[in-house]
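The values are calculated or read from the model by the stated rules, or taken from the named source; none is laboratory data. Since the structure is predicted, the reported quantities are computational estimates derived from the model, not experimental observations. Using ideal geometry, Cβ is built from the backbone for each residue, glycine included, and neighbour counts are taken over all protein chains shown. Side chains are part of the model used for accessible areas, which takes the heavy atoms of the whole protein and leaves out ligands, DNA and RNA. Shrake-Rupley method; radii C 1.70, N 1.55, O 1.52, S 1.80 Å.
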Amino acid sequence: MTDQHKHQRPPSGFNRRAFLKGSGAAATALAGGTGLVQAEEATTKIVGPDLKPITLNVNGKDHKVQAEPRTTLLEVLRLQLDLTGAKPVCTHGSSGASTVWVEGKPVEAATTLALDCVGKKIRTVESLGGDKIDPVPTAFVHHDAMQCGFCTPGFVVAVRAFLDKNPQASEAEIRAGLNGNLCRCGTYANVIQAALEVVQGGKNG
């Protein structure tokens, strides 16, 4: 190969004119986006950063609490309402230990902002107790489905929520449905048996 061929570069499909043209289009798009952001900010009500009085409906009752914009639902439940069933195992929602219902859907209270729950119906594991105990916690006792117990309330809520939607679930379906909850003690087999007891006993209605 000659020196002349060594220094010849293949066409790259890139040229200065196209680059400058593209940069101009991008800048125009960004300017437009900035305008949209500014318009949205002008219509968005800014809350905080101080404590704000709010009312949360928890287990069928309204509660007046104080929350900053960063306050999680889990912090309000545990520290202000003394509902300690949901547990602070993690801050990223991967353990399932802080599972509660919001508007009938299971969510991680540790990753849910309290301000976002205003006007919504919240249920905690405590709602399954009382004079008429739900069959799910009863089955957990029958099958000794806990060791340290820290994950147990989250599992109970998860099982109850799953069986509400899947009352005739198979073992495989239950295993798949509960894969968002972790137990460091490894009592998964007992949890599954407890869920199956509720299904087979017809007590989950």
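Any residue in the range 87-101 that is under 14 Å from Gly154 (Cα atoms), surrounded by 22 or more Cβ atoms within 10 Å (Cβ to Cβ) and either more than 15 Å from the chain's Cα centre (by Cα) or among the charged types (D, E, K, R) (or both)?
Yes, the range 87-101 contains a residue that is under 14 Å from Gly154 (Cα atoms), surrounded by 22 or more Cβ atoms within 10 Å (Cβ to Cβ) and either more than 15 Å from the chain's Cα centre (by Cα) or among the charged types (D, E, K, R) (or both).
Can you name the residue in the range 102-137 that is in contact (Cβ under 8 Å) with a residue 60 or more places away in the chain and farther than 21 Å from Leu79 by Cα and is also most open to solvent (accessible area, probe 1.4 Å) among such residues?
Pro135
For (1) touching a helix residue (DSSP H, G or I) at 6+ places or on another chain (Cβ under 6 Å); (2) hydrophobic (A, V, I, L, M, F, W, C); (3) surrounded by fewer than 16 Cβ atoms within 10 Å (Cβ to Cβ), each residue gets a yes or a no:
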| position | (1), (2), (3) |
| --- | --- |
| His142 | no, no, yes |
| Gln147 | no, no, yes |
| Asp164 | no, no, yes |
| Ser170 | no, no, yes |
| Ala176 | no, yes, yes |
| Val191 | yes, yes, no |
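Among the listed residues Leu115, Leu83, identify the single one that is in a loop (DSSP other than H, G, I, E, B), at pLDDT 95 or above and not polar (S, T, N, Q).
Exactly one residue qualifies, and that residue is Leu83.
Looking only at the range 60-86, which residues are in contact (Cβ under 8 Å) with a residue 60 or more places away in the chain and more than 16 Å from Leu128 (Cα to Cα)?
none
This table checks each residue for (1) within 19 Å of Ala86 (Cα to Cα); (2) in contact (Cβ under 8 Å) with a residue 40 or more places away in the chain.
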position: Met146; (1), (2): yes, yes
position: Phe155; (1), (2): yes, yes
position: Val159; (1), (2): yes, no
position: Gln168; (1), (2): no, no
position: Cys183; (1), (2): yes, no
position: Val199; (1), (2): no, no
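Only one residue in Phe155, Phe150 is in contact with a Lys or Arg (Cβ under 7 Å, 6 or more places away or on another chain), of a type in the set (Phe, Trp, Tyr) and farther than 30 Å from Pro53 by Cβ, so which one is that?
After ruling out the rest, the residue left standing is Phe150.
Looking at the range 40-80, which of its residues are surrounded by 10 or more Cβ atoms within 10 Å (Cβ to Cβ), modelled with pLDDT of 70 or more, of a type outside the set (D, E, K, R) and not in a strand (DSSP E or B)?
Leu51, Asn59, Pro69, Thr71, Leu73, Leu74, Val76, Leu77, Leu79, Gln80 - these are the residues of the range 40-80 that are surrounded by 10 or more Cβ atoms within 10 Å (Cβ to Cβ), modelled with pLDDT of 70 or more, of a type outside the set (D, E, K, R) and not in a strand (DSSP E or B).
Within the range 124-146, how many residues are in contact with a Gly (Cβ under 8 Å, 6 or more places away or on another chain) and not in a helix (DSSP H, G or I)?
Summing the residues that are in contact with a Gly (Cβ under 8 Å, 6 or more places away or on another chain) and not in a helix (DSSP H, G or I) in the range 124-146 gives 1.
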